[in-house]
Structures are given as structure tokens and as C-alpha cells.
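Visitor: The structure follows.
The values are calculated or read from the model by the stated rules, or taken from the named source; none is laboratory data. Predicted, not measured: the structure shown is a model, and the values here were computed from it. No Cβ is skipped: glycine too gets one built from the backbone with ideal geometry, and neighbour counts run over all protein chains shown.
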Amino acid sequence: MKNLLNHLIHTLKLTHHPTSVREPIQKYDRELTSPFHFSWHFINRLSKFTSEFTRQFSKTITILILISLIFGFPITSWGTEASTGEDLFIQHCAGCHIKGGNIIRRNKTLKLSALQRNGLDNPEAIARIARKGIGIMNGYEENLGEGGDQLVANWIWNQAQNAWFQG
């Protein structure tokens, strides 16, 4: 802080424009002997310094924010990323099939024993139902997107194999 103050005072002395370029610095020092005169010059120069500093600081911060937005986030985080099976399940299936259960029909769960009992003993069979639907369950082909049925089916099959352990 002391260095900043010294710098400002030094700047005040160097930026003052006497009537004659050859006028000695001592005369300038004498001009600033009045407390009012010195205060006025100090406040004037300080405000110019702080406004310039603020302007430069704002530009720097803006540039840093833009750089971090461009390079700091991978482009895939802007929605172009292919969804994972878990993401698709959470978005489209978990409303009815919480932790592999079924809130509509209790015996139509996604647990391994129920899948095998209903003839859904592989990911392809699960993908077909996710895509086309079965019984009162509608198909989600449009919602899951291309290949989404396979992603969610593989994830469901993997969860069923692990007794729907969510870790």
C-alpha cells in the first residue's frame, strides 16, 4: 500500500505540466504546499488512475472469462455429448422403474429374476421393449434417439446382473 501511495505521489509530480518546461521541480513542489491544492491534485490524479486501472482490469477479466468459456469447458458438455445408458435411464425410465422396480406393475420389474421370468434374458430383448414398448408401457424410440435403446438396455442388463447396486 505504501508503494502504491508513493507511486501515485510520484506520478502526480511527473504528470503536472508547469508553464515552462524548464521550470525547476522545486517550484512545482512549492505549488503543492497548499493542502487544498495538493488534495485536489491528488484526488484528481487518483480518480484518473483508478478509472484507468478499472478499465484495464475489466478488459482483462472479460478476456479471461471468454477464454475460460471457450477452452475451459469441453465442447461435449454443451449438449453434443452422446448420452450414456444411465443418463437415458434416469431421464426416461426411472420415473416408473425406480432402482429397477416398477411402480405401475409390481411383477414387471427390471430385477434379474423378473427379466428371466418374462423372457427378457439379454440386452437385445430389453432394447426391443425400450424401443417398441410392451403391454401398457409405451415405446421410447423417439425419446432415446439412435442407438439409445441399446445403451439403456446394456445399462439395465448390467444393473440387473449386479442386483441394482447403485454405488
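Visitor: How many of the residues making up segment 129-146 are within 36 Å of the chain's Cα centre (by Cα), in contact (Cβ under 8 Å) with a residue 12 or more places away in the chain and surrounded by fewer than 16 Cβ atoms within 10 Å (Cβ to Cβ)?
Guide: Qualifying residue count for the region: 2.
Visitor: Do we have residue 126 as modelled with pLDDT of 90 or more, within 25 Å of residue 162 (Cβ to Cβ) and not in a helix (DSSP H, G or I) here?
Guide: Answer is no for this residue.
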